[in-house]
Amino acid sequence: MENLRPDFYMLPGNLIWLSGNRKCLSWLVSKGCKLVGCGSATPTLKVSNDDLAKIVDTSDEWISVRTGIRNRRVLSGKDSLTTLAVEAARKALEMAQVDPDDVDLVLMCTSTPEDLFGSAPQIQKALGCKRNPLAYDITAACSGFVLGLVSAACHIRGGGFQNVLVIGADALSRYVDWTDRGTCILFGDAAGAVLVQDLLEYNFYKLFVSFGRASCPFNCRFYTLSFILEISALDATFAKLIQLFTLPATVKKMVYLVLTCIVMVMAKGTHLNATMKENEMDKALGSNGSVLGFPPRRSSYSCIQMNGKEVFRFAVRCVPQTIESSLEKAGLPGSSIDWLLLHQANQRILDAVATRLEVPPEQVISNLANYGNTSAASIPLALDEAVRSGKVKAGHTIAAAGFGAGLTWGSAIFRWG
């Protein structure tokens, strides 16, 4: 069967779809997108390696040498993940100078929602969005934020959305066995957010999407997603020419192109190897003897378990490959990367991936030492700190990649501002 890898080249007023050797031209209106604001929030409680050494057999040196982590933030008291997400979202909106009423979509990327049916609607309400924009959760563990960026781009490209909030937030501390030194030392809680906005029609937008199939060390079968966002301004002369191909606003509203980006996971294991377990029902809710197995027993997730060595091998092998694939589709050399922004899982992983990509250590964004692994929040949290500290400036090219439970991974190349 022919291997089709669709590439989308977008200009205002038209869409050229190149698939294999076949070319199709459709007169559809599609927009590009840009990241215009970011924000983050962390719990007040700081737990150091020395604090952990009081409850498990470990030490600051043992943890920092193996992971690069020295502190992490943990939800406590009246803190909630939703509150953190709202705070991060507000900061992103303030930086972008966008009113909550102008938000068209809220994407909450999390594996630890505080509501069975998703936390995004609660965030939308807390922000005071009077127009009741669409809001839903995305669950892809540590790859969640990257997939959120893909979803935001698709909604903007074909759905007519103008302002999309992408929030990455997780509270894995609630699922950690605090007596297991192999996992409790790794995770922390946090939230990060970006505002993705549509581009003016005088800009050129290129979105590459490709799906590939691969195998993993856990005898799983799954699909992978690689994508690239590239934005560049056109000169004024060419922009005027493009105006000739711009469709009326009424026609634009009629055109809706939906690109569905799916990561399908078919594994023998389960999420982070965490198995579902059934708690014994209270005797008062036991079977009445007439129907076996009714009422259903309550279910809960077990604590996080992880095969660290295999995850390390997987990340060091697959992450450089997906970034190189994205760079190739963008037509960019590795030397064009100003910053390497990876999911903050382990400093050894960050160093190994940077070495394989030949990215100097000073161009690797890392805040792992202060926050640990914050899952879907790690990329936007690190991005926000880098932007607000002045490290990342407008026009800088960033290679970002998320990887984690499933296993899943994704990468994106984008220019900030």
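The values are calculated or read from the model by the stated rules, or taken from the named source; none is laboratory data. Keep in mind that this is a model prediction, so the values were computed, not measured. Cβ: placed from backbone, ideal geometry, glycine included. Neighbour counts: every protein chain shown. When the accessible area is computed, the model is the full protein with side chains, heavy atoms only, and any ligands, DNA or RNA have been set aside. Shrake-Rupley method; radii C 1.70, N 1.55, O 1.52, S 1.80 Å.
Measuring nothing but protein heavy atoms, the accessible surface of region 286-375 at 1.4 Å probe radius is 51 percent carbon and sulfur. Compute the Cα gyration tensor for region 364-417, then decide on rounded, prolate or oblate, letting a ≥ b ≥ c be the square roots of its eigenvalues: rounded whenever a/c is under 1.5, prolate when a/b is larger than b/c in the other cases, and oblate in all that remain. Oblate, because a/c is 1.5 or more while a/b does not exceed b/c.
Around the amide H of Cys33, modelled in the peptide plane, lie the amide H atoms of Leu199, all under 5 Å away and 5 or more residues distant in sequence or on another chain. For Asn373, the residues 5 or more places off, or on other chains, whose built amide H falls under 5 Å of its own are Phe187, Gly188.
Restrict the search to region 319-386; then list the GluC sites (Glu not before Pro) that DSSP places in a loop and that have at most 13 other Cβ atoms within 10 Å of their Cβ.
Glu358
Counting other Cβ atoms within 10 Å, which trypsin sites (Lys or Arg not before Pro) in region 101-195 have at most 16 and lie in a DSSP loop? Within region 101-195, the qualifying trypsin sites (Lys or Arg not before Pro) (loop, at most 16 other Cβ atoms within 10 Å) are Lys130, Arg131.
Placing dummy labels 7 Å off each Cα toward the beta-carbon, the span from Asp101 to Asn132 is 1.7 nm.
The distance separating the Cα centre of region 74-152 from that of region 348-399 comes to 22 Å.
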